[in-house]
Structures are given as structure tokens and as C-alpha cells.
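The values are calculated or read from the model by the stated rules, or taken from the named source; none is laboratory data. Because the structure is a prediction, the values reported are computed rather than measured. Please note: Cβ atoms are built from the backbone with ideal geometry, for glycine as well, and neighbour counts cover all protein chains shown.
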Amino acid sequence: MSTDVAVRVSGLAKSFVRETRGRASVVPVLGDVTFEIARAEFVSIVGPSGCGKTSLLRSVAGLLDVDAGTIEVDGKAVTGPGRERAVVFQDFALLPWASSLDNVAFGLKLQGVGRAERRRRARAALEMVGLDGFADALPHELSGGMRQRVGIARALSVDPDVLLMDEPFGSLDEITRRSMQEELLRIWERDKKTVLFITHSVEEALFLSDRVLVMGGKPGRVVETLTPELPRPRTRSQESSEAFTSMRDKIWETLAC
Amino acid sequence: MLTAAGSAIETGVAQPALLAKWRRRRRVERTAAVVLPLGVGAVCALLWQMGAAARTGGSVLLPTFTDFVGAVVRVLASVRFWHALWTSESALLLGFAIAVAAGIPLGLYVGRHRTVDGLVSGYLDIAVVTPTAVFMPLVIVVLGPTFWARVAVIAIFGLPFVVVPTRTGSATVPGALVSMTRSYCGSSGAVWREVVLPASVPAIFNGLRQGLAHALTGMVIIELTFLAVGIGRLIQDAQAKFDAASVFAVTFLIVAQGVAMMALLQRAQDGLSGQWRARS
């Protein structure tokens, strides 16, 4: 395996058993999903609801057992959650009784980092996402965008090799969403983490990513891989460029099939 | 003042007025929170006094309010009351402690395991809807007219009401928090310690309040019906002497004790929540 490959997914398949009115049936969600992500690459997965995007991300995170296929991160088979991966959740998953600082420090605490060190790293992560003045705020005192910044800071604080982001901006309003996209790119340009980003927004995927995997079908699989030819750092003016719009149209055509 | 150039907050013109208005409203709310209950209490006391005096001119069945207040003072000053209170409280504290020690772990565990929940939820429903008093003769038969019979009755009264809300709290812990904890390599113990337990605190305290109310009921019922000791004995003796004022006084003190215990539980909950918030 090349050392440039951070994540390798081969022949991944996953089915769930669904019970309806006492009758059980098997619902295949993922079927033969195969792709690789290079180190420091930003890859987005876009697809319609129910195509298995979140199941795929949870499998890579080690939160979901797979029926067939393999997942490797940094050359090691994934058998459960690992310190080299950190997840950013769509609904933020913040502890409602804990302050921003405590929420950011939570991942470090679970990984056995000492109190003084985890507080120092949590403060640094909060500063990185522009929330250094909100260390003592509880989640309900923060806006949606600020809560997700805390979620991102928590993931960054453990210094993972791979950042797994499950529709992190899906529940934000459009204005906050765009500002968070720019914020994420700023952080990514600085740290160059490997990112697997799940979204149902074609524009978001194109704006953020080095590569876009389009998922579709039942069971879900990667039906198209596109590489946006957009120079970095990305700017909003690129969204009206010919390269962006033609790529967007191509993804929509793929999704319509 | 709102101007075309900017809002009131930007110009700062209306801020002192706004703050003064807010402070005035807070002062009125705080005063009302004290004055209104006192006022209602005073009106009730007056109506009680007038009603009791007009009806009988000092009935043995309905004492006047002033007789009642006198009886409260008299009861509080008597050694017998404190001895009876200790007799009742020792059984209450032990019985409720057993209900809590068994109920919280059981509720937490049942809420997190669907199979176990399926096994015990039927029994819990029965325990909640069945009048627990029907078990008292059985307990007396098994344990005899002893201190432990009272403890058992109090525990039986309180247990289901501790378990059921705790189970609901534990079962409704957001799955995203559990997934998040696991994603950071949190062990099962960490999931319980860091997520399930703190997330269930409001439900647990709800269970404690309900359980305490039922345990208190159990304590009074068994002492008034099967085992005439403690506070129950005090009430029975006062009834036998047609001392209505003392019956009212002891009943009032039991109610006051229940309210004080609930307030203590609330303070404990607030303290615990604060402690959780302080950790990192």
C-alpha cells in the first residue's frame, strides 16, 4: 500500500434488518463501495438521502460493523473507533451540561490526557475556531454555527490524522453555512488534515473538496468520481466559474440517473 | 431612541432606561413571589378562623386557626413528638434508601437494555398502577409487626416510582452522545459515567421526588393502619382524645417535612448539576 493513501475502502457492503408490522426484511444499504483518500486530501461524498452516506462514514469511524469488505486507515484495518480518526456530527453531539471548554476537552479526557494538558489544548482549539471568548458558555447559549465550531474544535483538539465530517453544516442556515465552509477551509489549509466530508449539497462539495465522490443506487455505491479543477485557496467567485458550473451540472446529471 | 442611523443599542441612548425598566420588572416579580403566597395564606387563615369560630364557637372537630397554631407550637415543644418523629423517620430513611439504592441502578440498566426492559416493564407497570397498600398485610405476615416490616413497606411504596422515571431518562439519552463518546475511544464505563448518568440526572431526581412522596405515604399508612407507632401513633392518640388541633398540627408537620425533603432534593440536584458543569 502506498504511504500516500490515508483511507482505503474496498468492497464495503452493509445491510440492515428492518422490522415492519412484525415482519423482518433485509435492506441493503451499501454494496461494493471502493475508494481511496490520499493523505491531506479533502474528499466529499455527495448523494441523495438514504444512499448510505452516513452508514459509510460511521463504518470508517468504526462505529458500525460491516458485512463485507475492508477499511484501512493509515494502513491498519479498522475494527472500531481509533485515535487517528475524529468525527464531527451533524447534530453537534455536544454534552448539554458541559461548557464549550469541557466539550472540546471531552475527547482528550476520554483518551486519557491529563487535566492541565487537555485544558490547554482545548483552549487552543477553541481559539482556532474563533470561540476563545466563549469557553464557559453552555451549548444552549450558543448559536447553531457556534455549536458546530465547538464540535469541530473537539475533533481538532485530539489531533487526528483523518477528520470524518457527517453533514456538519446540514442543520445550519445558508448564511452561517457559507461562513462555516470558509472557516473550515481556512483551518484545513493550515493543518492539511485528511478529510472525508459527507454532504447532500453539490455546491458545498465542489467548493470544499479536492475530489467529489457521487453516491447513488440501491444499495449505495460510488457511481462517479470528479476532481474540481479549482485553484486553492478557494474563493466564492469561483462558484460562478465555468469549471464550477459545468462540474455541478455533471453531478446533477449523475444524480438524476 | 431609534434613529435612521442606527438602533437604540448602537447609539446607547436608551440603554439606561431599558435597564431601569428591566430592574423595575424584576423587583415587582420578586416582591410578588413573596407577597402573593403570604397573602393567599393569610386570607385562607382568616377564612379558617372565621369559619371555625362561626360554625361551632370552637369545635372539637374543626379547630380555629389560632388553636391550630398553638397546637403546632405545643407539639414541636413536646419530647414525645421528636421521639415519634425519630421512630417514623428511621424507618422512612432506611426504606427510602433501599428504594433508591435498588431503583436507580435498576432503572438505568433497564433503560439501556431492550431485552431486560421487555422482561421487567410489565412488572413495573403493574407495580405503578396497583395500589401498593394491598401488599401491606403480606409484608406483616412475612416479617411480623416489626421495624423491618415498616422499612419493607416504605421501600415497596417508593421503589417503582424511582425506577420508572430513571428508566425513561436512561432510555432517552441521545444516541448521538453515545456515538460521539465511542468515536473518541470511550469505553462502556465512560459512556455510563460521562453520558448516561449525567444525562439521566433530571429524570433520576424526578424519580427521587416521586419515590419520596410515595415512601412518605407508605410510612403514614402503615403507622395509621397496621403498626401504631411513631407519627401514626401520635395522630391516633390525638384522635382518641378528640384533640383535633393536635391532629391538624401533626398532619401539617408531616406535610412540612415532605416539602422540606423535596426542597433538599432540589438543592442536591442543583448542586450536582453545578458540579458536573464545573468538570472538564
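Candidates A:S15, A:S49, A:S100, A:S25: the one that is over 18 Å from A:V162 (Cα atoms), within 14 Å of chain B (Cβ to nearest Cβ) and of a type in the set (S, T, N, Q) is A:S100. Residue selection: A:L184 fails the criterion of being at pLDDT 95 or above and closer than 24 Å to A:E36 by Cα. Considering the conditions (1) in a strand (DSSP E or B); (2) more than 8 Å from every other protein chain (Cβ to nearest Cβ); (3) crowded, with 18+ Cβ neighbours inside 10 Å, A:A86 is excluded by exactly one of them, (2). All conditions in (1) at pLDDT below 95; (2) under 30 Å from B:P160 (Cβ atoms) hold for B:V100, with the sole exception of (1). Exactly one residue out of B:G158, B:G103, B:G107, B:G169 is within 21 Å of B:V201 (Cα to Cα), within 14 Å of chain A (Cβ to nearest Cβ) and of a type outside the set (F, W, Y), and it is B:G169. Of the residues A:R178, A:R211, A:R232, A:R154, which is surrounded by fewer than 19 Cβ atoms within 10 Å (Cβ to Cβ) and at pLDDT 95 or above? The conditions single out A:R211.
Within the range A:183-196, the set of residues being touching a residue at least 12 places away in the same chain (Cβ under 8 Å) and within 22 Å of A:S143 (Cα to Cα) comprises A:E183, A:L184, A:L185, A:I187. Taking the range A:118-147 as the region of interest, how many residues are in contact with a Phe, Trp or Tyr (Cβ under 8 Å, 6 or more places away or on another chain), more than 11 Å from every other protein chain (Cβ to nearest Cβ) and under 19 Å from B:V195 (Cα atoms)? Here the count works out to 2. For the range A:202-244, the tally of residues that are of a type in the set (D, E), in contact with an Asp or Glu (Cβ under 8 Å, 6 or more places away or on another chain) and without any contact (Cβ under 8 Å) to a residue 40 or more places away in the chain stands at 1.
Taking the range A:105-117 as the range and being crowded, with 24+ Cβ neighbours inside 10 Å and more than 9 Å from chain B (Cβ to nearest Cβ) as the test, no residue passes.
Inspect all residues belonging to the range B:20-36 and state whether any of them is within 19 Å of B:S246 (Cβ to Cβ), at pLDDT 90 or above and part of a helix (DSSP H, G or I). Within the range B:20-36, not a single residue is within 19 Å of B:S246 (Cβ to Cβ), at pLDDT 90 or above and part of a helix (DSSP H, G or I). Here A:D91 fulfils each of the conditions (1) under 30 Å from A:P219 (Cα atoms); (2) surrounded by 20 or more Cβ atoms within 10 Å (Cβ to Cβ); (3) within 10 Å of chain B (Cβ to nearest Cβ) apart from (2). Taking the range B:51-86 as the range and being β-branched (V, I, T) and surrounded by fewer than 19 Cβ atoms within 10 Å (Cβ to Cβ) as the test, the residues that pass are B:T56, B:V60, B:T66, B:V69, B:V72, B:V73, B:V79.
When B:S200 is tested against (1) of a type in the set (S, T, Y); (2) within 24 Å of A:A105 (Cα to Cα); (3) without any contact (Cβ under 8 Å) to a residue 24 or more places away in the chain, just one condition goes unmet, and that condition is (3).
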